[in-house]
Each structure stands twice: as structure tokens, then as C-alpha cells.
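Q: Quick one: the structure is below, questions incoming.
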Amino acid sequence: MQQLVPGDTAWVMMCTVLVLLMTVPGLALFYAGMVRKKNVLATMMQSFMLCAVMSVVWMVAGYSLAFGPGDAFIGDFSRVLLSGLAAGWDKPFTIAAGTAFAQPTTIPESVFLMFQMSFAIITPAVVTGACADRMKFSALLVFFSLWALLVYAPLAHWVWSPTGWLAQRGIADFAGGTVVEINCGVTGLVCALMLGKRLGYGQENMAPWNLSYAVIGASLLWVGWMGFNSGGAMGATPRAGMAVLNTQMAAAGATVAWTFVEWLVRGKPSVLGAISGAVAGLVAVTPAAGFVLPGPALLIGLVAGAVCFWTATELKHKFSYDDSLDAFGVHGVAGIIGTLATGWFAFGPLSGGTAVGGVHLLAVQALGVAVTILYCAAVSWALLKVTDLLVGLRVTKEEEREGLDIVLHGEQIF
């Protein structure tokens with residue numbers, strides 16, 4: 001008989017807190033430390049405000065569209081405003097209850113939906129790194145409110161709801177290689193292209209204002225990612241333990257790889273490079289965390305660190321796009337690497353035989369990567385167009401020169 005397990009409930013609650021920690025203060029500090037001084041407060045405000053706004057959007061309709069039984073492509077409105085939660089608040093939750101694909105858990109629905117909410121919060125916050133220094137605050141709120149419902153929620157349903165069409169095809173995405181990482185990376189690239197380059201990009205000094213902030217933020221991300229990548233086990237299980245170990249090994253491998261490649265190419269290992277490498281490894285192992293063994297996890301990290309060094313330092317200059325804080329160069333690219341690698345390295349016993357590495361799973365993973373890129377790019381582009389018509393996307397040149405802190409929020413750091 002399905003029962004609540006206090007240890008599982010406590011574990012997922014702790015993981016939820018860790019993922020929230022990744023956004024505020026983790027990502028807020030990480031991004032704020034990498035922009036110029038005149039935009040620090042505005043950058044922090046983006047992460048802080050999205051934490052609040054996405055929580056409301058998730059409660060109103062996002063959760064229902066993502067995890068309501070619905071059909072293969074979208075949930076339904078059965079959980080709008082968390083309808084029905086009161087009836088079973090103290091009982092174990094079954095995902096997609098009443099369908100042929102029901103998945104019982106040992107935790108209450110309040111904990112499940114809150115854990116998933118933390119992912120819906122951090123994903124758009126990561127995207128803001130691609131449009132740093134130039135996007136209107138009003139545009140940010142309008143765009144991401146629509147995006148959460150029309151991009152994030154459908155993707156979450158496809159991959160993580162048992163009734164979703166990619167889930168039915170057996171996609172292996174433990175913690176969000178497609179839903180979170182590729183999604184936010186590609187959305188970030190579309191934002192960067194539509195907003196255009198920052199004034200003075202490639203000509204003026206745009207060095208980070210305070211790398212110590214960025215290091216603190218990256219450190220919080222590293223620790224928080226343990227919950228990000230293990231909470232998907234839905235309990236304090238051996239699989240959750242393996243996910244924690246894999247997360248550590250991939251992060252370590254990517255940090256080492258980025259640092260030594262940069263040292264070889266540029267003559268000095270930078271602090272910014274080391275923390276960027278760590279994030280690349282954490283991103284890459286996200287889909288794989290609960291599916292692979294530590295050896296492949298380390299390899300995934302090493303590859304992601306080396307490749308993302310190139311995409312973040314060379315690729316964007318070659319194609320002349322201004323992905324300000326490398327949302328695509330790190331999150332998008334590492335997410336693709338990790339999702340595909342999961343298809344080859346998945347160790348069957350970890351998933352009870354539902355995800356076994358090989359040609360078939362690799363093909364499913366490739367399909368997931370392709371449709372995620374196409375869908376989020378197309379819909380994000382359309383939503384940015386709508387947002388531009390409603391409130392405009394970018395601040396004026398004069399406002400950008402003065403800085404978003406004082407222009408948008410009437411405050412500044414002295």
C-alpha cells in the first residue's frame with residue numbers, strides 16, 4: 001500500500017531548498033559579479049523578482065499545465081490555483097493519477113509541486129544572463145510570464161509527466177537537460193539575437209565588476225546543484241546518492257578541463273574560467289545524474305569543460321552574437337552534451353531497466369534535443385515579438401549608457 005515516508009519527504013524538501021538557494025542568492029550573485037558596476041542591482045533584481053513572479057505563475061496555471069494529466073502534449077486545468085490540493089494534502093501523491101501511466105510517490109503533493117516550482121524559477125533566471133545590461137524590466141516580466149506557460153510548462157509535460165510524448169518514448173532526463181538547460185540556453189540565444197549587442201560590445205572594457213561575488217555565487221550553485229540533481233529520485237534512495245556523487249565528479253572534471261585548456265591556450269588559468277567550468281560540468285551531468293555511473297559522469301564533465309571553453313570564448317565571437325554571460329555557451333551547449341551522453345552511458349540498473357544506454361536510447365535523446373531546440377526557439381521568438389509590441393524589449397541607448405540600476409530602479413552602488 002502506498003504510504004508517506006518521512007525520510008523521503010524530508011529529502012525532497014531539503015533538495016527544494018537547495019534549488020531555491022541556487023537562484024537567490026546563488027545565481028543572483030554569480031551574474032551580478034560578472035556585469036559592470038552600473039548594472040549590478042538590476043541584475044540581482046532580475047533573479048529575485050523572477051523567484052517571486054514564477055512562483056505565482058506556477059501556482060496559478062504553470063503546475064497544472066506541466067503535470068495535469070492532460071494529453072501527450074500539454075497538461076490540463078485540473079490543478080489551476082492548486083485546485084484539489086486540500087483533499088489529499090496529507091497523503092502520498094501519485095503523478096498522473098487516474099491514467100494508465102500513473103506513478104506513485106512516497107511524498108505529499110505539496111512537496112512535489114514545490115520541488116518542481118524551484119525548477120520553474122531558476123530556468124528563466126538563467127536566461128537573463130544572455131540579455132544582461134540591456135533588457136527592460138517590464139519586458140522581462142511580460143516575456144517570462146508568458147514563456148513559463150507556453151514554453152517551460154509544455155516541455156516539462158513532454159519530458160517529466162508520465163503522459164508526455166517524450167516520456168512515453170523513453171527519454172532519459174533526470175533533472176532537466178532538455179527542460180531546463182537546453183531550453184534556457186536556446187531561449188537565451190534567441191533573446192541575445194533579438195535584443196542585439198550591448199553598446200560598445202567588442203570595443204569597450206566590459207570586464208566583471210566583482211569576481212568575488214561571482215565566485216560566491218558559483219560556490220552556492222555547486223552546493224545547491226546536489227539537490228537539483230538528486231531530488232528527482234523522489235526520496236532518500238541509493239539512486240539519489242549516486243546522483244550526488246555524479247554531480248560532484250562532473251563538476252570537478254569540468255573545472256579541471258576548462259582551467260587547463262585555458263591555461264594552455266591563454267597562458268594563465270583565470271578565476272572566471274574555473275567557475276564557468278564548474279557550471280558547465282554541473283549542467284552537463286544534469287540529465288545524466290540518476291542514470292550513469294561516476295566514471296562516465298567524470299568523462300561528461302571533462303568533455304563539457306573543454307567544449308564550453310571554446311563555445312564561450314570563441315564561438316560567440318566567430319558568429320558575432322552577444323550572449324552576455326554565456327547562457328547558451330555554457331547551459332545550452334553543456335545541456336546538449338549531457339543529454340546525448342546519457343543516451344550512450346545510461347546504466348540500466350539505476351533506472352530499473354527503463355533507460356539502458358545504446359543506439360536506441362541515443363536516438364531518443366537526439367530527438368529530445370532536436371525538438372527542444374526547435375520548439376523553444378520558435379515560441380520564444382514569437383513571445384519576444386509580442387513583448388516588443390506590448391512594452392518594447394530594450395532600454396534606450398542613453399539609458400543603457402547610464403546604467404540599468406539608476407534608470408530602472410532609481411538606485412546605485414557607490
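Q: Show the residue pairs that are 6+ apart or on different chains and have beta-carbon atoms under 6 Å apart, the first residue being within segment 1-30 and of a type in the set (Phe, Trp, Tyr), the second being modelled with pLDDT of 95 or more and not in a loop (DSSP other than H, G, I, E, B).
A: Phe30/Ala214; Phe30/Gly217; Phe30/Ala218
Q: Okay, next question. Working only within segment 1-22, note down all residues that are modelled with pLDDT under 95 and among the aliphatic types (A, V, I, L, M).
A: Met1
Q: Might you let me know whether segment 93-113 holds any residue that is of a type in the set (A, V, I, L, M), part of a helix (DSSP H, G or I) and buried (at least 16 other Cβ atoms within 10 Å of the Cβ)? Step through it out loud before you land on a result.
A: Step one: filter segment 93-113 for residues of a type in the set (A, V, I, L, M), giving 95-97, 100, 102, 107, 111, 113.
Subset that is part of a helix (DSSP H, G or I): 111, 113.
Next, from what is left, pick out any that are buried (at least 16 other Cβ atoms within 10 Å of the Cβ): 111, 113.
Yes: segment 93-113 contains one or more residues that are of a type in the set (A, V, I, L, M), part of a helix (DSSP H, G or I) and buried (at least 16 other Cβ atoms within 10 Å of the Cβ).
Q: I've got another one for you. Looking only at segment 394-414, count every residue that is over 16 Å from Trp209 (Cα atoms) and assigned to a helix (DSSP H, G or I) and tell me the total. Give the derivation first.
A: Step one: list which residues in segment 394-414 are over 16 Å from Trp209 (Cα atoms), which gives 394-400, 406-411.
Checking the rest, the ones that are also assigned to a helix (DSSP H, G or I) come to 397-400, 406-409.
Residues that pass the stated criteria total 8.
Q: Could you please let me know if Leu315 is without any contact (Cβ under 8 Å) to a residue 24 or more places away in the chain and either more than 19 Å from the chain's Cα centre (by Cα) or not in a helix (DSSP H, G or I) (or both)? Explain how you work it out, then say what you get.
A: Details: without any contact (Cβ under 8 Å) to a residue 24 or more places away in the chain: yes; either more than 19 Å from the chain's Cα centre (by Cα) or not in a helix (DSSP H, G or I) (or both): yes.
Spelling it out, Leu315 is indeed without any contact (Cβ under 8 Å) to a residue 24 or more places away in the chain and either more than 19 Å from the chain's Cα centre (by Cα) or not in a helix (DSSP H, G or I) (or both).
Q: Got a sec? Which of Val24, Val56 is assigned to a helix (DSSP H, G or I), on the phi < 0 side of the Ramachandran plot, touching a Cys at 6+ places or on another chain (Cβ under 7 Å) and surrounded by fewer than 24 Cβ atoms within 10 Å (Cβ to Cβ)? Don't jump to the end; show me each part of the working.
A: Details: Val56 fails: touching a Cys at 6+ places or on another chain (Cβ under 7 Å).
Checking each option against the conditions leaves just Val24.
Q: Sticking with this one: Across segment 329-357, what is the number of residues that are in contact with a Phe, Trp or Tyr (Cβ under 7 Å, 6 or more places away or on another chain) and not aliphatic (A, V, I, L, M)?
A: Here is the first cut: in segment 329-357, the ones in contact with a Phe, Trp or Tyr (Cβ under 7 Å, 6 or more places away or on another chain) are 342, 346-347, 350-351, 355, 357.
With not aliphatic (A, V, I, L, M) added as a condition, the list becomes 342, 347, 351, 357.
Residues in segment 329-357 being in contact with a Phe, Trp or Tyr (Cβ under 7 Å, 6 or more places away or on another chain) and not aliphatic (A, V, I, L, M): 4 in total.
Q: Looking at (1) surrounded by fewer than 24 Cβ atoms within 10 Å (Cβ to Cβ); (2) assigned to a loop (DSSP other than H, G, I, E, B); (3) at pLDDT 95 or above; (4) out of contact with any Asp or Glu (no Cβ under 8 Å at 6 or more places or on another chain), which is the only condition Met34 fails?
A: Failing condition for Met34: (1).
Q: Let me ask you something else. What's the total number of residues in segment 321-371 that are among the aliphatic types (A, V, I, L, M), assigned to a loop (DSSP other than H, G, I, E, B) and free of Cβ contacts under 8 Å to residues at least 40 places away in the same chain?
A: So the answer is 1.
Q: Is one or more of the residues making up segment 77-92 among the aromatic types (Phe, Trp, Tyr), outside any loop (DSSP other than H, G, I, E, B) and farther than 30 Å from Tyr201 by Cβ?
A: Here is the first cut: in segment 77-92, the residues among the aromatic types (Phe, Trp, Tyr) are 77, 89.
Among the residues that remain, those that are also outside any loop (DSSP other than H, G, I, E, B) are: none.
Looking for residues that are among the aromatic types (Phe, Trp, Tyr), outside any loop (DSSP other than H, G, I, E, B) and farther than 30 Å from Tyr201 by Cβ, one finds none in segment 77-92, hence no.
Q: In segment 281-324, what count of residues is obtained for those that are modelled with pLDDT under 95 and within 12 Å of Gln248 (Cα to Cα)?
A: Going through segment 281-324 one residue at a time, the tally reaches 0.
Q: Considering only segment 228-237, I want to know if a residue exists there that is touching a helix residue (DSSP H, G or I) at 6+ places or on another chain (Cβ under 7 Å) and closer than 18 Å to Pro296 by Cα.
A: Of segment 228-237, the ones touching a helix residue (DSSP H, G or I) at 6+ places or on another chain (Cβ under 7 Å) are 228-231, 233-236.
Next, from what is left, pick out any that are closer than 18 Å to Pro296 by Cα: 229-230.
Looking for residues that are touching a helix residue (DSSP H, G or I) at 6+ places or on another chain (Cβ under 7 Å) and closer than 18 Å to Pro296 by Cα, one finds at least one in segment 228-237, hence yes.
Q: Continuing with this model, one more query. Can Gly290 be described as assigned to a loop (DSSP other than H, G, I, E, B), over 13 Å from the mean Cα position of the chain (by Cα) and not polar (S, T, N, Q)? Break it down into steps so the answer makes sense when it comes.
A: On the way: assigned to a loop (DSSP other than H, G, I, E, B): yes; over 13 Å from the mean Cα position of the chain (by Cα): yes; not polar (S, T, N, Q): yes.
In short, yes.
Q: Could you tell me whether Val40 is surrounded by fewer than 19 Cβ atoms within 10 Å (Cβ to Cβ), part of a helix (DSSP H, G or I) and hydrophobic (A, V, I, L, M, F, W, C)?
A: On the way: surrounded by fewer than 19 Cβ atoms within 10 Å (Cβ to Cβ): no; part of a helix (DSSP H, G or I): yes; hydrophobic (A, V, I, L, M, F, W, C): yes.
Criteria not met by Val40.
Q: Is it true that Gly392 is in contact with a helix residue (DSSP H, G or I) (Cβ under 7 Å, 6 or more places away or on another chain) and within 24 Å of Leu199 (Cα to Cα)? Even if it seems obvious, please write down each step before you answer.
A: Details: in contact with a helix residue (DSSP H, G or I) (Cβ under 7 Å, 6 or more places away or on another chain): yes; within 24 Å of Leu199 (Cα to Cα): yes.
Answer is yes for this residue.
Q: Select from segment 134-145 the residues that are within 19 Å of Asp326 (Cα to Cα) and either modelled with pLDDT under 95 or of a type in the set (Phe, Trp, Tyr) (or both) and list them in ascending order.
A: Phe144, the sole residue that qualifies.
Q: From the list Gly196, Gly177, Gly185, exactly one residue is over 21 Å from Met44 (Cβ atoms) and touching a His at 6+ places or on another chain (Cβ under 8 Å). Which is it?
A: On the way: Gly196 fails: touching a His at 6+ places or on another chain (Cβ under 8 Å); Gly177 fails: touching a His at 6+ places or on another chain (Cβ under 8 Å).
From the options Gly196, Gly177, Gly185, the qualifying one is Gly185.
The values are calculated or read from the model by the stated rules, or taken from the named source; none is laboratory data. Everything quoted here is computed from the prediction, not taken from an experiment. Note: ideal-geometry Cβ built from the backbone for every residue, glycine included; neighbour counts use all protein chains shown.
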